[in-house]
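We did not get these values from a lab; they are worked out from the coordinates using the rules stated. Computed from a prediction, not measured in an experiment: that's the story for all the values here. Heads up, the Cβs are rebuilt from the backbone with ideal geometry, glycines too, and the neighbour counts pull from every protein chain shown.
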Amino acid sequence: MSNGVDRVRRALESPEDIDSGTMGGGDPAADAPFYHEETMDTGPELIEGDDGGSHLLPRGFPVQPLGMAAGKFHFLTSRGEMAELSAHAMNSRANLVALVAGVDDPIGHLATIGPVQNRRDNGFNTAIAADTLMEACCALPLYDPTTPVRHFGTWRGSTDTPVVHLGETLLASKDEKRRGRMIGRALFPAVPSRSGPSDSAAKADEIAWVRDRIQDMWNWASDHDADVLIGCVGQAALGQYPSWRTHTYIKGKHGSGKTTLTKIVSSLLGGMSTGVKNSTSAAAIRQTTNRQAIARVFDEAEADEADANRDVIALFRLMSDAEGAQVERGTSDHQGITFQLYGAGFLSSVIPVAMTPADRSRFVILTIAERDEDDNVTEQALRLDDLQEDARALGPQVWRRMLDLAPDRWDRTFRIYNVLVQGLGARARSGDTIGAVLAGWDLMLFDTPVFDATGDGADMERLERAKIIAQPLIDMSAEAEEEGEGERCLRTLFSGLIQKDHGGVITVAELIERINNGEGDQGQFDNKLLGRLGLRILDGPKSGRDMFIAHGQNPLLDKSFAGSRWRKGGHRAALETISDVRPSPRTVRVAGRSVRGLIVPARFLPGWKEAPQSDPDDGVEL
């Protein structure tokens, strides 16, 4: 395996691969891009027809015509919202007033295109004004219903400077080719406003202080997981701007603090997060965040229907690349509807939702264990409060920092770290996924570029540090790529939910781990719950008990495998692909019946610490 840093060094020596322009550096605020802010004035200067004649819309007219198609006329109103009117609707005085409402003297604007003709006209002539607006639409090309329509979030325009849609306010570089709220081919209509980025950018040492406390206050699996999390936040703050977006999954047991951590992540994203949700579906995401380029943050991703969250994962997968998720659905009027979703996702749960290899290649998964028992609960609560307050205050400044640094640094930094990751032996897709995280980490924590073409060249110390951060992610990615059908089947099974007798639900993984690590009557009771799925944890040493899974179809087991090919007994063939899984030499009593099945070794189960082999027996009847 080649050294990733050496590969980066060789790539840096090839300008056609990496070097494309000069880098910015120093104080982010000093190099902030010039933004042109546009709010109310969305009208065209003048519309010219094919004959070269003016079509009667004066300069500064507050309504922007977009064109016509299928007998409908399309506009942006004076407030920037999209409006679609038929020819009949155009002859309604109220509809015309609604187009210009919100500006000073709306009737006066309509009078300029529809002068009063007789005493019946109330301020303007409706017919003439309507004719003028329809003629202005007809002077434009036919309106294309596939025109990209973009709502709140951070976007990439035709320049390196991000386009920031804040609702009614639109921030864009003065160099963007635009006509009103049309930038390039994309339309940025007005939508309800939300909070935007701060006027001042977060400092690297402020973010590092948050990073250090996140690393210290949670029981992470790796010493560099907080760096990964900060990188995930950084790239997510840029919405659709990066050519590749990485999604994040935080898994942790109850009591590990994952809910608090998820809230802190949401706070660090500032206005780019709409808050933490604890229940969702792919359909809800499509409908509530359509055409937005934001981060979507969800806690407790376990759902009553296992396939619901698999649909969410599949939707996030589509959102990863530059084109985002382009989803079409039929409607009762046969017109259809298109959903366009962009940005990164954050999920947390006890057990990650089962993912296909294609899904897994778009995610980084971070693990937090339960807090140490000797922690001072009161002191920790106070420290958490301080951290949450700092995250809330810093969030809008984080967004501003990423907006300021992205034009000069994002693209090249992403390419450098992509090369680094692939140089460590990862595949191209892992280079995208991990490279985006490292690029976010770089811009969040360093004020100077990792490679300065006009200065000292590459920061080799930073590249070595990035290599250390990346290696565990690369190993996890390789493991997921090598994971077989049987292992994926088991992960799906472990994420299933069981209804408890006295209310509430518990995951299969939690039950198995509790049985494997416990003793006495509780284990017997938990085994009865597992028996509903045709499962049983066999007798054996603590933390090393094997699992029996019955052949054939089981309604509750099918529910756990919903949407997969492992339903209706298909799990048997999948599990038999695991070399150490073996048929039980005798029947085992599960839920009152003696059944045949397979023995899954303890090392494949949650809670396993050693790998002894257990002899199956009939044991007690469940």
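The figures follow:
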read-out: Shape of segment 377-526, Cα gyration tensor, a/c cut at 1.5; value: oblate
read-out: Pairwise FRET efficiency - ILE107 versus GLU84, Cβ, R0 = 22 Å, nearest 0.05; value: 0.45
read-out: Cα gyration tensor shape for segment 487-604, rounded if a/c is under 1.5, else prolate or oblate; value: rounded
read-out: Computed over segment 487-604: relative contact order in percent, which uses C-alpha pairs under 8 Å that are six or more apart; value: 24
read-out: Selection from ALA480, GLY252, GLY496 lying farthest towards where the dipole of the chain points positive, charges on Cβ; value: GLY496
read-out: Per-residue [θ]222 nm for the chain (sum of -39500 (n - 2.57) over DSSP H runs n ≥ 4, rounded to 500); value: -11500 deg cm²/dmol
read-out: Net charge over other residues, Cβ less than 15 angstrom from the Cβ of ASN122 (K, R count +1; D, E count -1); value: +1
read-out: Pair LEU556, ASP205: separation of 7 Å Cα→Cβ label points (nm); value: 5.8
read-out: Point-charge dipole on Cβ atoms (K/R +1, D/E -1) for the chain, about Cα centre, debye to 20; value: 2040
read-out: Full-extension gain in nm, ARG465 to GLN287, via 0.36 nm per residue minus C-alpha separation; value: 60.0 nm
read-out: 0 to 90° range, to nearest 10: angle between helix 460-482 axis and the chain longest Cα axis; value: 70
read-out: With Cα atoms, 0 to 90° folded angle of helix 521-531 axis to the chain main axis; value: 60
read-out: Residues MET272, MET182 arranged by fewest to most Cβ contacts within 10 Å; value: MET182, MET272
read-out: Student exercise, segment 487-604 dipole from Lys, Arg, Asp, Glu Cβ charges, in Debye to nearest 20; value: 460
read-out: Segment ASP223-SER195, length gained on full extension (0.36 nm per residue, minus Cα span); value: 6.7 nm
read-out: Label point distance in nm, ARG582-LYS72, each placed 7 Å from Cα along Cα→Cβ; value: 6.6
read-out: Greater than 28 Å apart at Cα, pairs in LYS258/LYS609; LYS177/LYS203; LYS258/LYS568; value: LYS177/LYS203; LYS258/LYS568
read-out: Farthest positive-ward along the chain dipole, Cα basis, beta-carbon charges - from LEU394, GLN380, GLY123; value: GLY123
read-out: Computed label-point distance, nm, for sites ARG329 and SER243 using a 7 Å Cα→Cβ extension; value: 3.2
read-out: Nearest 10 degrees, 0 to 90: helix 377-423 Cα axis against the chain principal axis; value: 70
read-out: Charged-residue dipole, Cβ positions (Lys, Arg, Asp, Glu), segment 118-208 about Cα centre, Debye nearest 20; value: 200
read-out: Among beta bridges that DSSP assigns inside the chain, antiparallel share in %, nearest 5; value: 70
read-out: Translational diffusion coefficient (Stokes-Einstein; Kirkwood radius from C-alpha pairs) of the chain at 10 °C, 1.306 mPa s, in µm²/s; value: 58
